[in-house]
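The values are calculated or read from the model by the stated rules, or taken from the named source; none is laboratory data. Because the structure is a prediction, the values reported are computed rather than measured. Note that we place each Cβ from the backbone using ideal geometry, even for glycine, and neighbour counts take in every protein chain shown. Calculation scope for accessible area: heavy atoms of the full protein, side chains included, ligands and nucleic acids excluded. Shrake-Rupley method; radii C 1.70, N 1.55, O 1.52, S 1.80 Å.
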Amino acid sequence: MTTAQATLVYEFGTTTIHRNLSSSRLIEVAIQKGEGVLASNGALNVDTGERTGRSPNDKFLEDTPAIHDSIGWGNVNRPITPDHFAALETKAVAYLSEKDELFRFDGFAGADPAYRLKVSVTTEEAWHCLFAKTLFINADEAALRNFEPDWQIINACNLQLDDYAAYGLNSPIAVIQSLEQRKVIIIGTRYAGEIKKSIFYAMNYDLPEMSVFPMHCSANVDENDEANVALFFGLSGTGKTTLSADPNRPLIGDDEHGWSDTGVFNIEGGCYAKCIKLSREGEPQIWDAIRFGSVLENVILDPDSRVPDYDDGSKTENTRVTYPVSYIPGAKIPSIGAHPKNVIFLAADAFGVLPPVSRLSREQAMYYFINGYTSKLAGTEAGVTEPQPNFSPCFGGPFLPRPPMVYAEWLARRVEEHDAVVWLLNTGWTGGPYGVGERFKLQYTRAFVTAILDGTLRNAHYQNDPVFGLRVPDHVAGVPDEVLLPRNTWADSDAYDAKAKQLAELFRANDAKYDITDAVREAGPKG
């Protein structure tokens, strides 16, 4: 490790610290304090205020000599000076020290004991502590007796920074992280996803030094074959949680994993799922997981019955629910699996031109991983109100402190070592771009996944997409053949050609950012 071990938990004067309260007690306190209300299904429903998604423009990394040369600095990894970090830390601690009571969660990130890190989260609102308890891995009493955290988070969500410019910030909101001190300070935002992603960011820095490939993906395993593990890579809203929640495949985890020399493991102990347009018919496992002990964010409730209206996106399209992974029937506990047989990249293509399913060569896998194409979906970040084409390296650019090629090389190494097959699955639009075409039916997407995981597509006959050079199957059970080549679904073929050419050019402009081999670059679009 190049980072220093954090041996002291923050102290807040005479403030009462409620440590590791039960879920029931945290819910009771949150309701008493007016932080949320119980929905009819028993979940605690909260309003996160102005920010209903992550605030990437307000995240900063302490720039110190110990870590400077290992960071991929740029729009994602913005530096903050040690002096400004220390001043904001002092301000947050002083603010929290004035509170009558605070709430602290101590637990773990990393289901595999060989690679887990100890995490301490201190919050001013009870529901944020419940969020941490629900999302991370809970420690037993023995582990808590002499608990010294590897990572500490303090969340001063209601602190107002009127003088934010003096600290080099872009707004009154600050999410600042120190990889050397192993600390995270959150100021001015009540969106709980900042807690979750700051620890994933930390693991993305720490795990490669432990010979583990950190991944922004979900994972599940065949209930009758523990060797049949699958990974689903993709940014928020592309279907990682939905597609990995399969009644015939126990869930390992829905969002963040490590791939070690012995297999994969979940970094978290819970799931953080989008619930806009959620239905029992479409996603029964997620629907049934929303109950007492889970947390709903920004879901509109009927004022009288408190029944959630998952179709109502008036507050945000990024409505969320957090629940323990154990709430998914048959989930794999502990959340550890074998080496994956299949690796699936999910891209919600708003252009409507990518094939719905294609098998990738080794070079194509490297190419599409390093480019990480998808569309930012409404509500997943502040200011995003409709899908926008987006390239996010390794399908997790906002969470990668190291240069993207570090993670791309890990992918190539692991896939080659364990003979995994890599697929590209478009969960976006067909028949035209966003606003003209329609989103792929979930039943079609599930049919593609079934054919991948049961081995059907390994021996299928393939045809080449002329623009992207991707190998597309001639037939997939349960899906009309004409859907497989996107040009066939457009009413105006000339319009398709123009849009496909536009996306191909965007790929080429993006891949120019990376120092990749000629073979990998040539595996990209042909148009």
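A quick yes/no check of all residues on (1) open to solvent by less than 20 Å² (accessible area, probe 1.4 Å); (2) closer than 19 Å to Asp312 by Cα:
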site	(1), (2)
Val212	yes, no
Ala230	yes, no
His257	yes, no
Glu283	no, yes
Gly293	yes, no
Leu296	yes, yes
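Could you tell me whether any residue of region 301-320 is crowded, with 24+ Cβ neighbours inside 10 Å, within 26 Å of Tyr191 (Cα to Cα), among the hydrophobic types (A, V, I, L, M, F, W, C) and at pLDDT 95 or above? No: region 301-320 contains no residue that is crowded, with 24+ Cβ neighbours inside 10 Å, within 26 Å of Tyr191 (Cα to Cα), among the hydrophobic types (A, V, I, L, M, F, W, C) and at pLDDT 95 or above. Can you tell me which residues in region 509-526 are open to solvent by less than 60 Å² (accessible area, probe 1.4 Å) and either in contact with a Gly (Cβ under 9 Å, 6 or more places away or on another chain) or outside any loop (DSSP other than H, G, I, E, B) (or both)? Answer for region 509-526, where residues must be open to solvent by less than 60 Å² (accessible area, probe 1.4 Å) and either in contact with a Gly (Cβ under 9 Å, 6 or more places away or on another chain) or outside any loop (DSSP other than H, G, I, E, B) (or both): Asn510, Asp511, Ala519, Val520, Ala523, Gly524, Pro525.
Name every residue in region 24-63 that is in contact with a helix residue (DSSP H, G or I) (Cβ under 6 Å, 6 or more places away or on another chain) and assigned to a loop (DSSP other than H, G, I, E, B), in order of residue number.
Correct list: Glu35 only.
Residues considered: Ala227, Ala219. Of these, the only one that is among the small types (Gly, Ala, Ser) and farther than 19 Å from Phe395 by Cα is Ala227.
Looking only at region 232-255, which residues are farther than 11 Å from Cys217 by Cβ, of a type in the set (Val, Ile, Thr) and open to solvent by less than 10 Å² (accessible area, probe 1.4 Å)? Passing the criteria: none in range. The residue that is nearest to Thr52 (Cα to Cα), among those in region 321-362 that are open to solvent by 10 Å² or more (accessible area, probe 1.4 Å) and in a helix (DSSP H, G or I), is Tyr327.
Going through Arg54, Arg78 one at a time, which residue ends up being closer than 17 Å to Lys183 by Cα and within 25 Å of the chain's Cα centre (by Cα)?
On the way: Arg54 fails: closer than 17 Å to Lys183 by Cα.
When all the criteria are applied, what remains is Arg78.
Tell me whether region 452-459 contains one or more residues that are in a loop (DSSP other than H, G, I, E, B) and among the β-branched types (Val, Ile, Thr). Among the residues of region 452-459, not one is in a loop (DSSP other than H, G, I, E, B) and among the β-branched types (Val, Ile, Thr), which makes the answer no.
Condition test on Val467, is it open to solvent by 30 Å² or more (accessible area, probe 1.4 Å), part of a loop (DSSP other than H, G, I, E, B) and farther than 28 Å from Asn220 by Cα? Let's see the steps before the verdict.
Numbers: open to solvent by 30 Å² or more (accessible area, probe 1.4 Å): no; part of a loop (DSSP other than H, G, I, E, B): yes; farther than 28 Å from Asn220 by Cα: yes.
Answer is no for this residue.
What helices (runs of 4 or more DSSP H), lying completely within region 108-208, carry at least 1 residues that are within 18 Å of the chain's Cα centre (by Cα)? Working first, answer last.
Values: elements: 126-135, 141-145, 193-206.
Answer list for region 108-208: 126-135, 193-206.
Right, Leu96: outside any helix (DSSP H, G or I), of a type in the set (A, V, I, L, M, F, W, C) and either buried (at least 20 other Cβ atoms within 10 Å of the Cβ) or in contact (Cβ under 8 Å) with a residue 40 or more places away in the chain (or both) or not? In short, no. For region 25-46, the set of residues classified as over 20 Å from Ile300 (Cα atoms) and touching a residue at least 24 places away in the same chain (Cβ under 8 Å) consists of Leu26, Val29, listed by residue number.
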